[in-house]
Each structure stands twice: as C-alpha cells, then as structure tokens.
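Before any comments, here is the structure.
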Amino acid sequence: MKYLKCIIACMLVCCLVSCGKKKADDPMGDNGHTKRTENLLSNLSDISAKGYLFGHQDATLYGEGWADDSAHSDVEVATGDMPALVGFEIGGIETDDSLNIYSTPFDKIRKEIINQYDRGGVITISWQCKNPTKGSNLNSIMEDGNKQEEFLEWIDKVALFMKSLETPYGVRVPVIFRPWEMNGDTKFWWDKDVCSKQQYLALWQMVKERFEDNDVVNVLFAYSPQATDDASEKAYLDRYPGDDNIDIMGINAYCHAEEGDSTALSTFAEELSMNLKMLTELGKKHNKPTAITETGYRSIPCDNWWTHTLSQAIGNYPISYVMIWRNAHEVTNHYYVPFPGQRSIEDFVAYYNEKRTLFLHDINGLYLEKKVDNSKQNNK
C-alpha cells in the first residue's frame, strides 16, 4: 500500500511539473536587442511599402465615457477592430509615482502593454519627464553637475520599467520608446528655447548609456520633433541624435483648424505632405523606418477629415505608422478618435476600409523573422 501511495505521489508531482508554465525562448539578436525586437524593426520597414499601422494613444486604458476595460477601445467600437499600435505615457515613473501624468496606475499600463503584445500589436511609449533641475540651470544635470546623479537614477527607473515588460512566459516585450519629443503645443523643459543643442544631445546620450548599463534589450528609439511649416531637412536634423542612437525617424503634426475653415485644413494637409516627403527621403538616406509619431484634430469638427485631410496628406508616402492622440475621458471634448454619434465616425469607417490603413486584424507576425503578411491589403 505504501508503495502504491508513493507511485501515485510521484505521478501527481510529474503532472504538476508538466502543467507548469514553460518559459518561451527569447533569444538575442545581432545588434544588442532581443531577436523579436530586431524583427519588429525590420518588419516596420517592410510594411511601409504596403501600408501603415494605425495607432491610438491610451486606446485600451479609457475612452469617451468609459475606463478600465482592456477588451474595449473607441477604435473597436467604431470599426469592429482594434488599433494595430497603442501608445502609452510613463511620465512620473522617474519619481516613483504610482500614477502617470494622466492619473493611470503604472501597474495597469504595464498590464495593457503586455496585452497589446499578446494580441500581436505594437507598443510605443512616450516619457514626459518632470523637470529634474527644480528651477536651476540645465547644466546641473549635465556631466559633473550637482544634480546629475539624481537624474541618472531617474533614467534607471525608466530602464527598470522597460525591463519589467515581460510576459508570464518569459518574453521581453519589444517597445518603441519616444523620449524628448517636441510637439509645439506642450512646452517641455528640453525645448529649444530652454535647452541648448549640446544639452539636448546629452539627454539622449545619457538615456542610451544608462539603458545599456541596465541591460535593456527590448527598446527601439524614435526621434519625434515637430513638423515645420517649410518642411526643412536642416531643421529636422539640427538636433538629430545620430543613426547609432535612433531606430525610427518620426514627426509630430497636429491639425488646429477652426471648425469650417477649409483653408486651414488644406494648409495642414499640404504641410504634412511636405514634411512626409522630406521625412521619407531622410529615412531612405539613413536606412530608417519613418512614422507620424503624434497627430490628430481635437474634437474632429469636420465630417471628412480622415479621408479628405489626413489620408490625402499621407498618400503613398512609405511610413510605418501613424498615431492619433488620446480620447481623454476626464477632459471635456478632448478626443481625437470618433465614437458613435460623433460627426466624423462614418468617414473614419471609410478611412478604416482604405487599402493602406492597417489595423490589428490586418497584421500578424510582426515579431517573427519573416515578411509581414498583410491580409487586408491582399483582400481589397
């Protein structure tokens, strides 16, 4: 009887072990990233010849009249599909806050990043870092400055967050990181009128070096200055951190036309088109994928902005993705993607059905070492 009990016990142990979660293989690539991260970068370049990923900031965190439902998004309500790319903001992580600058818990953000990866989608992360100088000169956080060590510790906390983005089966989630952005609307402490070119480039270098010191291997870096009226290549490259520091070349460009101002809408489209021409030419020269890293038209007071303004401006320029800004449920009329009853929703659905717009159902294998299969492109 004791022997039989021993046999049964051994069988139970073996069953429990076999039912446990097995760690997935997460190999390193050739360039200091995980293989999945390198595959993502390669596939972003390839996909631009067929179309571009549609993204939405904080899409699964909240929306118009709702919050905290990760299976939901305003994009999904409008189209029946989820965005291919979701953006997240981690400002506040550097000072050990539990909530980001939009009052979203970091634990929730981490969970939704992993959910987006599990769906097969792409993740981009912005960092609106607090001012570490506390009123003193920016030189205080530069080399030999009296606040540099504290600032480097802030970067280390960002690095730790990036390393925490791991699935239960052991895969480090690839993300596109977009620090030190410039969008023209929000004034940051690293803007041109405050931060010199030398200081700005030093900020990038500090992040890159601290990430390397912390063995962060799942991050691609995106450069995202504000689009200019004259689409100046010189202006774009003025503070470019260099090919060794940047993986994706992007621009931020918002539409600010008053309702009914067709001239302003046309001007926005023309300027965006000129900037994309400049950007995609630079992307070819520097061998980098390109993207509209932030855009949108607040409250979308136009029936056909999606197909007649945004889509026509993008045209056939080979960009990898476009990311629309957030639908802030806590702020009145602060939305950039339509919802039922909003005047542009039918046009948004028409935009969704265009051949070049790629949503979640249209993509697969972005993290695999193969050419991206674009089923929607093939079916249209």
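The values are calculated or read from the model by the stated rules, or taken from the named source; none is laboratory data. This one's a predicted model, so the numbers in the text were calculated from it and none came from an experiment. Because the Cβ atoms are built from the backbone with ideal geometry, glycine has one as well, and the counts that use them run over all protein chains shown. Note: accessible area is taken over every heavy atom of the protein model, side chains too, but ligands, DNA and RNA are not part of it. Shrake-Rupley method; radii C 1.70, N 1.55, O 1.52, S 1.80 Å.
Using alpha-carbon pairs under 8 Å, 6+ residues apart, how would you state the relative contact order of the chain in percent?
Values: 680 pairs, mean separation 89.9, N = 380.
24 percent.
As a test of the definition: which semi-axes, in Å, follow for the chain when you take the square root of five times each eigenvalue of its alpha carbon gyration tensor? Largest first, please.
On the way: eigenvalues 247, 158, 86 Å².
Listed largest to smallest, the semi-axes of the chain are 35, 28, 21 Å.
When ligands, DNA and RNA are left out and all protein chains stay put, how many square angstrom of accessible area per residue does the chain have with a 1.4 Å probe? Show your work: numbers first, answer last.
Details: 16720 Å² over 380 residues.
Roughly 44 Å² per residue, with all protein chains present.
Leaving ligands, DNA and RNA out of it, work out the accessible area of THR186 with a 1.4 Å probe and give it in Å² to the nearest 10.
The accessible area of THR186 comes to roughly 60 Å².
Only Lys, Arg, Asp and Glu count, each charged at its Cβ (+1, +1, -1, -1), so figure out the dipole size of segment 63-108 about its Cα centre, rounded to 20 debye.
Values: 1 positive and 11 negative charges, 11 e Å.
Here the size comes out at about 60 debye.
Rolling a 1.4 angstrom probe over the protein chains, ignoring ligands and nucleic acids, what is the accessible area of ARG356 in square angstrom, nearest 10?
Accessible area, nearest 10 Å²: 40 Å².
Binning every alpha carbon pair distance of segment 269-380 at 10 Å from zero, what are the percents per bin?
Whole-percent P(r) values from 0 Å outward: 13, 38, 36, 13, 1.
Mind checking Rg over Rh on segment 156-199, alpha carbons, Kirkwood formula for Rh?
Details: Rg = 15.4 Å, Rh = 13.2 Å.
Rg/Rh for segment 156-199 comes to 1.17.
Would you mind checking the radius of gyration and Dmax of segment 51-143 based on alpha-carbon positions, in Å?
Computed over the Cα atoms of segment 51-143, radius of gyration and Dmax are 15.8, 51 Å.
Using a 1.4 Å probe on the protein chains only, how many percent of the accessible area of the chain belongs to carbon and sulfur?
Taking all protein chains in place, the chain shows 50 percent carbon and sulfur surface.
Leaving ligands and nucleic acids out of the surface, order SER140, SER98 by accessible area at 1.4 Å, largest first. Let's see the in-between values first.
Numbers: SER140 15, SER98 85 Å².
Result, largest first: SER98, SER140.
Only Cα pairs within less than 10 Å get springs; with that Gaussian network setup on the chain, which residue of LEU272, LEU44, LEU99 has the largest fluctuation?
It is LEU99.
Where in the chain are the DSSP H helices whose alpha-carbon span along the long axis reaches 20 Å or more and whose Kyte-Doolittle mean is at least 1.0? It would help to have the intermediate numbers written out before the result.
Numbers: long enough: 2-19 (26 Å, 1.95); 148-163 (22 Å, -0.04); 197-213 (24 Å, -1.01); 262-286 (36 Å, -0.18).
Qualifying helices: 2-19.
Would you tell me the accessible area of TRP190, worked out with a 1.4 angstrom probe on the heavy atoms of the protein chains, in Å² to the nearest 10?
Rounded to the nearest 10, that gives 0 Å².
Just need the relative contact order of segment 224-267 here, percent rounded to a whole number, with Cα pairs under 8 Å and 6+ apart.
Working: 20 pairs, mean separation 19.7, N = 44.
Once normalised by length, the contact order is 45 percent.
Ignoring ligands, DNA and RNA, how do LYS197, LYS134, LYS234, LYS35 rank by accessible area with a 1.4 Å probe, largest first?
Numbers: LYS197 90, LYS134 145, LYS234 170, LYS35 50 Å².
Final ranking, largest accessible area leading: LYS234, LYS134, LYS197, LYS35.
Arrange the residues SER273, SER262, SER73 by how much accessible surface each exposes, largest first, with a 1.4 angstrom probe. If you can, show how the numbers build up before the last one.
On the way: SER273 30, SER262 75, SER73 0 Å².
Final ranking, largest accessible area leading: SER262, SER273, SER73.
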